[in-house]
Amino acid sequence: MAVCPTPQLHPRSLRRRLLYVCVLVLALSTIFLGYTRFDSMTEAAQKLQPLKSFLENGGHANQQQQQQQQKGWSGQSFADIAAAQEPVPPMVYGTYGRPPLKDVVLIGTLAADKLPTTSPSSHRLIIIGDVHGQLNELKALLAEVKYDAARGDHVVFTGDMVNKGPDSAGVVALAMEMGASGVRGNHEDRILLSWENSQTKYVVGQGAGSISDLKGTTAEQKDDMTEPALAAQSGLQSAEVSVAASLTPAQRKWLNGLPAILKLGKIPNYGETVVVHAGLVPGIELTSQDPWAVMNMRTLLYPAEQVRRERVKKLLEEVASERARKHVHVSDKEVDEEMVASRARGEGENDYEVVLPTAGRDGRPWSEAWDESQGNIAQEEMRTTVVYGHDAKKGLTIGKWTYGLDSSCVKGGSLTALVFGPRKDKDGHNRVGHNIVSVPCEKAPGEKAKEDEERRKKTREEGR
């Protein structure tokens, strides 16, 4: 019986089999690596989950999380992980968010003994609007209100003590000398942010060197929202850095310690009283207010209401156009009337659940919304009065539960104080009341130069 010898493989068949083996090995390796990678990602996600839960719980770990913390994740505790996270304000509005300055104080509290009493000999609480470096005017206002340190009078500034005017350092020095209180305004924020930037290695460079770029505003926007460059360009420092450099380290430290919100406490007939620079969003707890908004806001936007308004306008125009058999443009007044009618029918109840504070003027004035919200609170002692500055264009603005004190001193307006102190009511009883005191201001040299330049620019444009 003949035995058939093992046939010799053709070289082409041998190469084909080797190719099959290589492909199989590669496929198995890919599957194995993919599985191990997925497994490690799952493990990493499990390690991150406790931090997410920790933050969602407002920083309070439950019992199971505390036990896991004691065991540790990769040798890190909650404290280690949380410490590595950048603090995020409760309210952040996209490009409206300011660059982080780590030690911004959100809320401060005035000592109770600074509040006036009903006693005729009581000291007073003097709240002063935006000074903007106008030292002479500040001294004149203190003389006009008969400020008396010996009596125990206490001064509170609504922010923007510095910038634009001729003597920011002098204003801060006087405030510190008086032992005054205050809040952080957008101009204090600017100079501190500029100083922080100038002292770091990596600064905003030419072409992107304004705080406007960092805050979501543009150079074309007016109303004090146009800020000079942050970084030195062509060897010149920005206006903010120059002002910051004119202050002593102690003065910068004092400004940096000012809170965005200062709680004064309860003043009879005024309820809880707070001081901010720009404004507050109604319905939001003080601890959840966005520091940027508190320092910069002027109006409130309601996205849901805007969407419904656009729909109402479209519907009105469609109906009117169909009747006229041509396109009919509906005026804003007609849209406003229909919006009021629709609200009377109970429509749009959720329009105000989402609100965005803005530095512009296109929305509803926040102070108007605040007065309305406080009026809806039945118990008067539960209401909150807000004293603020910032809005020079509106000037002195007195609402039911809001007092706007920026009367445009730096532009030649006046410098205003709201003075809380003992008063006699119409029945002759002692109580705590207020009065408004103002002094005229000389326009700051820088503002004069700015207006002259704008006038020359307008003349050149008209001559083209």
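Observations on the model:
- Proximal charge balance of Ala324 [Cβ under 13 Å; K/R count +1, D/E count -1]: 0
- Summing Lys and Arg as +1 and Asp and Glu as -1 over all other residues whose Cβ lies under 10 Å from the Cβ of Gly279 gives a net charge of 0.
- Proportion of all alpha-carbon pairs of region 303-354 beyond 13 Å (%): 59
- Extension gain, Ala341 to Met176: 0.36 nm times the residue separation minus the Cα-Cα distance gives 54.0 nm.
- Packing around the peptides 275-281, 423-429, taken as the average count of other Cβ atoms within 10 Å per residue, puts them in this order, highest first: 275-281, 423-429.
- Amide proton proximity set for Gly182, modelled H, under 5 Å, gap of 5+: Phe157
- Residues Thr416, Thr402 in ascending order of nearby Cβ atoms (within 10 Å, fewest first): Thr402, Thr416.
- Shape category assigned to region 238-317 from the gyration tensor of Cα positions, a/c cut at 1.5: oblate
- Alpha-carbon centroids, region 305-374 and region 238-260: separation in whole Å: 43
- Förster radius 30 Å - calculated FRET efficiency between Glu272 and Leu301, Cβ distance, rounded to 0.05: 0.70
- Shape category assigned to region 343-405 from the gyration tensor of Cα positions, a/c cut at 1.5: oblate
- Rounded to the nearest Hz, the phi-derived 3J(HN,Hα) couplings of region 171-179 under the Karplus curve 6.51 cos²θ - 1.76 cosθ + 1.60 (θ = phi - 60°) are 5, 5, 4, 5, 4, 5, 4, 6, x, where x marks glycine and proline.
- Three-way shape label, region 332-444, alpha-carbon gyration tensor, a/c 1.5: oblate
- The phi torsions of region 185-200, fed into the Karplus equation with coefficients 6.51, -1.76 and 1.60 and a -60° offset, translate into couplings of x, 5, 7, 4, 4, 5, 5, 5, 5, 5, 5, 4, 5, 5, 8, 9 Hz, rounded to whole numbers, with Gly and Pro shown as x.
- The length gained on full extension between Glu285 and Cys22, counted as 0.36 nm times the residue separation minus their Cα-Cα distance, comes to 88.1 nm.
- Loop-resident trypsin sites (Lys or Arg not before Pro) (DSSP state other than H, G, I, E or B) in region 113-177 with no more than 16 further Cβ atoms inside 10 Å of their Cβ: Lys146, Arg151.
Bear in mind that the values in this text are calculations on the coordinates, not laboratory data. Worth saying up front: this structure is predicted, and the values here are computed from it rather than measured. Note that each Cβ is placed from the backbone with ideal geometry, even for glycine, and that neighbours are counted across all protein chains shown.
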